[in-house]
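This structure is in structure tokens; I'll ask about it shortly.
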Amino acid sequence: MKLVSIIIPVYNRTDKFRSALSSVIAQTHENIEIIVVDDGSLPHAVEYTMRDMLKFQKYDAQKEDNQNILDRIEHIQYIRQENKGAPSARNKGLELVKGEYVIFWDADVVAQPDMLQKMLEVFEKNNEASFVYCNFTLMPLSKKMKGQKFNVEELQKNNYIHTTSLIRRKDVIKWDESLKRFQDWDLWLSMIEKGKKGIWIDEYLFHVIGGGTMSSWLPSFTYKKPWSYLPWIKSRVKKYLEAREVILKKHKIL
């Protein structure tokens, strides 16, 4: 059974992190390692949350005689670093992985129990694929964020692949720590420039808990006139367009 390395970067949001880690432990694919990278959260916030949670999980596992849950709890690494941002935390975790596959599991992502299993099944049927991605739901809006079939030209126009996608370890690259936004889009563009390809699962396999980076999401129509001139939207649209231009220039798409 293939080992999957799960990297969870987390900064303070321990309530979301608790839910995310619970959904990792509940995955039906059993052979996993979990690397939690605390990106300078309040002292002991993430560590204590994780310890309290795992004590509870162990108690339940022993009660139900579920050795699989106990085994995966023993394969959790906790690393703390000074606050440098999510890309740095992901890169730190990447230095420690042992698995054949890697997934950067955002601390606000709660997945269906069979998400990893379904992604691995796609890899087994597609040897040329470097990464597998799916649809997701943005909460609490219940906004369906649908992906699309892998297409280089369309990906150069807009990102349709979430950070939490499964990647072959041999194909994964480091994150650009200088970027403030669109780090995931930059990652996928950098990979396709190296000839890497993705496969889309047209299923909603996880949801994102609101309040993190996804909370800045705006409907597509707000980026067009006259909506983009509204006072409470204008500044957000401006920042979006400026960050987008950085990515386009970096990848020579302009």
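Values in this text are rule-based calculations from the coordinates and carry no lab data. Being a predicted model, the structure only gives us computed values, none of them experimental. Glycine gets a Cβ as well: all are built from the backbone with ideal geometry, and neighbour counts include every protein chain shown.
What order do you get for ILE34, ILE201 when you list them from fewest to most C-beta neighbours inside 10 Å?
The order, fewest Cβ neighbours first, is ILE201, ILE34.
Next question, about the same structure. How far is the Cα center of segment 114-157 from the Cα center of segment 96-113, in Å?
Spelled out, the Cα-based centre of one part sits 14 Å from the other.
Sort 75-83, 23-31, 102-110 for me by packing, meaning the mean count of neighbouring Cβ atoms within 10 Å per residue, highest on top.
Peptide ranking by packing, descending: 102-110, 23-31, 75-83.
Please go through the residue pairs LYS157/LYS252; LYS98/LYS149; LYS144/LYS250; LYS98/LYS170; LYS2/LYS125 and name each one whose alpha carbons sit more than 18 Å apart in this structure.
The answer is LYS98/LYS149; LYS144/LYS250.
Now, a different point. At a Förster distance of 22 Å, what's the computed FRET efficiency of ASP114 paired with ASP52, Cβ-Cβ distance as r, to 0.05?
0.20
Now for a different question. Does segment 98-197 come out rounded, prolate or oblate, given a ≥ b ≥ c as the square roots of the eigenvalues of its C-alpha gyration tensor, rounded meaning a/c under 1.5 and, failing that, prolate meaning a/b above b/c?
Since a/c stays below 1.5, the shape of segment 98-197 is classed as rounded.
First measure r as the distance between the Cβ atoms of ARG169 and LEU138, then evaluate 1/(1 + (r/R0)^6) with R0 = 30 Å and state the FRET efficiency to the nearest 0.05.
Rounded to the nearest 0.05, the efficiency is 0.55.
Sort TRP200, TRP188 so that the residue with the fewest other Cβ atoms within 10 Å of its own Cβ comes first and the one with the most comes last.
TRP200, TRP188
Another question, then. How big is the antiparallel share of DSSP beta bridges in segment 4-214, given as a percent to the nearest 5?
Among the beta bridges of segment 4-214, antiparallel pairing accounts for roughly 30 percent.
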